[in-house]
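What follows is a set of notes on a single structure, which appears directly below.
Please treat every number below as a calculation from the coordinates, not as lab data. Note that the structure is a prediction, hence the values are computed from the model and not measured. As a convention, Cβ positions derive from the backbone with ideal geometry for all residues, glycine included, and neighbour counts pool all protein chains shown.
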Amino acid sequence: MTVVEQKKSKVEEGFNPFKIAIKKKVVILGTAPSCKDAPFGNPDFDVWGVAHCCFLKEVSRLDAIFEIHTKDIWEKDNAPFHRFPNAVLFLQEKDAKFANSQAYPLKEIRDIYKVNKGFEYEADYLSSSLPYMVAMAIENKYEEIHIYGIHLLMDEEYFYQRPCLEYYLGIARGKGIKVYVHPAADILKFNYLYGWQDMTDQTRKIRDRINEFNTRMANLQAQLNQGTAQLQAQINQLQGAKEDAMYFLRTFGGESKKNDVIF
């Protein structure tokens, strides 16, 4: 049975989140620039992407697409799922428009990954599409999880998304799954070893650069202020010359009256 036939059979049978994966390695794919480096042509990998990956021309293969948002949102978003007709499409609910769509197994995942499970204050911890994907990868018994196109470097939204993703990657590592994160990402990285190191040379260089940027911006702002003052002086000079000319016309021109406004 070919990989494509396996995938078609997988969709027809209904996706089992606990079924052994077709491959041993999986790519979890986002839309940040490093997505272009994902091993699309390597048959040893399954490639799972968030819905917006469908918009990117550099994404040449997806074996599973995760659209975790409600139907009214993803219909408005109109991602071109048709680009990858053999991909399993995970939605909140199976949709008749897509023969390859499946409902994400939320109940099963929540039952396994409750935080403080068994205590009165147990809770869910799934803050973006990415933890849903990593949890699925863990339950599919992948031996390796590779992260591409997911940097989570900045933006207010990412401040709460990154810790949750790191939490699930930590669970994966604890289960013996190898985790690879693209070098461009900030995930699972810190600049120095707390307690043993103060700051790395790299951190000092970055702080020096920030200070340099502040100095350069202050200089440019001073030049801007000086230039603005010079321009204002020229405007005042021209305004004075214009008023002199208007006075001359009113006084000696004859055709102008005192109350005329001359532009």
| request: Please arrange Lys57, Lys71 by counting, for each residue, the other beta carbons lying within 10 Å of its beta carbon, fewest first. | output: Lys57, Lys71
| remark: For Phe213 and Tyr125, extending 7 Å from Cα along the Cα-Cβ vector and measuring point to point gives, in nm, a value of 3.2
| remark: The farthest towards the positive end of the charge dipole of region 107-157, of the residues Leu152, Gly118, Ser128, given +1 on Cβ of Lys and Arg and -1 on Cβ of Asp and Glu, is Gly118
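Summing Lys, Arg as +1 and Asp, Glu as -1, what charge do residues with Cβ under 13 Å from the Cβ of Lys117 carry, Lys117 excluded?
Summing Lys and Arg as +1 and Asp and Glu as -1 gives -2.
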| Full extension from Ile112 to Asn86: what is 0.36 nm times the residue separation minus their Cα-Cα distance, to one decimal in nm? | 6.5 nm
| task | Go through Lys107/Lys178; Lys107/Lys175; Lys97/Lys178; Lys97/Lys141; Lys25/Lys94; Lys114/Lys189 and tell me which ones have a Cα-Cα distance over 28 Å in this structure. | result | Lys97/Lys178; Lys97/Lys141
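Expressed in nm to one decimal, what extension gain is obtained for the pair Ile235 and Leu193 from 0.36 nm per residue of sequence separation less their Cα-Cα distance?
Answer, rounded to one decimal: 9.3 nm.
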| Filtered chymotrypsin sites (Phe, Trp or Tyr not before Pro), region 116-145: DSSP coil and at most 10 other beta carbons within 10 Å | Phe119, Tyr121
| Estimated vicinal HN-Hα couplings, Hz - region 210-224 in sequence order (Karplus 6.51, -1.76, 1.60; Gly, Pro = x) | 4, 4, 5, 4, 4, 5, 5, 5, 5, 5, 5, 5, 5, 5, 4
| If the chain between Asp77 and Gln221 were fully stretched, how many nm would it gain, using 0.36 nm times the residue separation less the Cα-Cα distance? | 47.7 nm
| query | In region 3-181, what percentage of the DSSP-assigned beta bridges are antiparallel, given to the nearest 5? | reply | 5
| message | With 10 angstrom as the radius, rank Met217, Met133, Met246 by how many other C-beta atoms surround their C-beta, starting from the fewest. | response | Met217, Met246, Met133
